[in-house]
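Let me begin by presenting the structure, written as structure tokens, before commenting on it.
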Amino acid sequence: MKLYNTMTKKKEEFVPLEEGKVKMYVCGPTVYNFIHIGNARPMIVFDTARRYLEYKGYEVNFVSNFTDVDDKIIKKSVEEGVPAEEISERYIKECKKDMADMNVKEATTHPQATQEIDGMIDMIQTLMEKGYAYAVDGTVYFRTRKFDEYGKLSHKNLDDLRSGNRSLLVSGEDQKEDPLDFVLWKPKKEGEPYWVSPWGEGRPGWHIECSVMSKKYLGEEIDIHAGGEDLIFPHHENEIAQSECCNGKTFARYWLHNGFLNIDNRKMSKSLGNFFTVREIGEQYDLQVLRFFMLSAHYRSPINFSREIMESSKNALERIVTAVSNLKHLGEAAETMQLTDEEKSLLEEMRSFRTKFEEAMDDDLNTADAVSAIFELVKFANTNAGEKSSKEFVETVKTEIIRLSDILGLLVEKEEENLDGEIEKLIEERQAARKARDFKRADEIRDQLLAQGIILEDTREGVKWKRA
RNA sequence: GGCGCAGUAGCCAAGUGGUAAGGCAAUGGUCUGCAACACCAGUAUUCACCGGUUCAAAUCCGGUCUGCGCCUCCA
């Protein structure tokens, strides 16, 4: 399969370091609040990448961190008058709930920055010893210009950065040797969480966390490092500098970055007041709809979020769910078991959808095309499966739809749910009324149930219901 | 100022040289007591605009316009 590598700006054939295994690191959220739908994009996109790699037979060691020491967390803890730890623990829990609701698999390891401070101190010390870092008054800086390859990921050159951005030169910290140097360790301020280090009490800079956690759980050289496109510079650039200077090895071989999620064609941000949390969206929609929406475009393109598109996504996903549900009923009602010759050849034909699906995913995770393959399969199912179909045929087609959807993390099989007796009774009464051609009463009952959020559909296999 | 991305039907969106996938919405038809589901049909002679290369371009090259992002915490 091919993946677009930000480092080379090309789609490259993916070849893991170790055959059959993938070491993958995805930068996770800073846990100072509920995650927003922008945070959800890399989670969903790279979870899908992982699922597909697993489908291809790779054993994926998937690491995604929680940044639990940060200015924003400290700010929130001051506001609420509780320890920073309480804030981060709370939102890690909430984040995990949201991830589960979006059907994002748990990482192999979810490290937390505060649990890895020793490793950070070690790495900083090594960088000091090698001359890549220096300390001034309790702050440790990375000596950016000493790393020749700095800028190779974001394709920037240091002189452009200097001349292009005057504020960088002017801004504050004149104790730095060079304006481009960035912080590895910062001294504590009164009331802030801190750890003891050779440079005094303080806490790590943001970038060092990921370098250390990636190294500890995946090794010095990994296959895939991923995150939002805004992390390319400076975060990932700095990680590369730290890790490669410390370890003397290539840090990551493939750099994957997702595009942004916009609201009304503008970047979602607090200052614009245009952001939604995953939790809020979850109150209005099944989060499967959010997942479907995110997968309906290519992961590197920006996507625009709106209510209209959520409605459209909801209806589209419903089409797949309905098809699976119809196949299920057909399977239960099927009169014959064995495949007919005609069905055998139809199943041969059906393979083409999986082929299309795989070709799409092999081409830099083209989920939009993969989804369209599922829709073509749905159409195939709706057209070819009927009352006369054998049980085996119907089951095979159903399983195929579920299987392909599952690779994308989309759950399309509705869980069995029992209605309460009251409602069952009403449905039976309505059936009796219909039989007696008392359609007025029948419609009355249908409207009554609709008011309770239950939609009835009269199909050849009997009455079906679903939640509105 | 530097770097980069995008502009495909009402909406979303795939498609990087060979004659426009898929979905939503809307329309007509079949099915249905009605509705829903489903199916069928038609729906972009055309891919922001201008010019060029080519037998052939939405796809390549040059230019123009428009929108957006990064360069500072950010998914």
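Taken together, the values in this text are just the output of simple stated rules run on the coordinates, not laboratory data. The shown structure was predicted, so the numbers you read here are calculated from the model rather than taken from an experiment. Every residue, glycine among them, receives a Cβ derived from its backbone with ideal geometry; neighbour counts consider all protein chains shown.
Odds and ends about this structure:
- Eligible aspartates and glutamates near residue A:356 by straight Cα distance, threshold 19 Å, same-chain separation 8 or greater: A:13, A:54, A:348, A:364, A:369, A:376, A:400, A:406
- Calculated [θ] (222 nm, deg cm²/dmol) that DSSP helices of n ≥ 4 give over chain A, each run adding -39,500 (n - 2.57): -15500 deg cm²/dmol
- For A:325, A:352, A:405, order by how many other beta-carbon atoms lie within 10 Å, fewest first: A:352, A:325, A:405
- Peptide ranges A:58-70, A:84-96 listed from the most packed, as the mean C-beta count within 10 angstrom indicates: A:58-70, A:84-96
- A quarter of the convex hull surface defined by the alpha-carbon atoms of the stretch A:171-236 gives 6.5 nm² as the mean projection.
- When all alpha carbon pairs of the stretch A:193-346 are counted in 10 Å bins from zero, the resulting P(r) reads 8, 23, 21, 21, 15, 8, 3, 1 %.
- Taking all pairs of distinct alpha-carbon atoms in chain A, Kirkwood radius in angstrom: 25.3 Å
- Each principal axis of the stretch A:327-468 carries a Cα extent, and these read 54, 35, 22 Å when sorted largest first.
- Radius of gyration over Kirkwood radius for the stretch A:1-51, both on Cα atoms: the Rg/Rh ratio is 1.05.
- For the stretch A:40-135, the relative contact order comes to 34 percent (Cα pairs under 8 Å, sequence separation of at least 6).
- Interatomic Cα distance distribution for the stretch A:1-106, bins of 5 angstrom, percent: 2, 11, 18, 19, 16, 12, 10, 7, 4, 2, 0
- Chymotrypsin sites (Phe, Trp or Tyr not before Pro) restricted to DSSP loop in the stretch A:291-385 with at most 13 other C-beta within 10 Å: none
- Computed FRET value (nearest 0.05) for residue A:160 with residue A:264, which takes r as the C-beta separation and R₀ as 25 Å: 0.20
- Descending semi-axes in Å of the stretch A:380-459, equivalent ellipsoid built from Cα gyration tensor: 32, 18, 11
- The lysines within cross-link reach of residue A:440, meaning a Cα-to-Cα straight distance under 19 Å and a gap of 8 or more places when in the same chain, are A:425.
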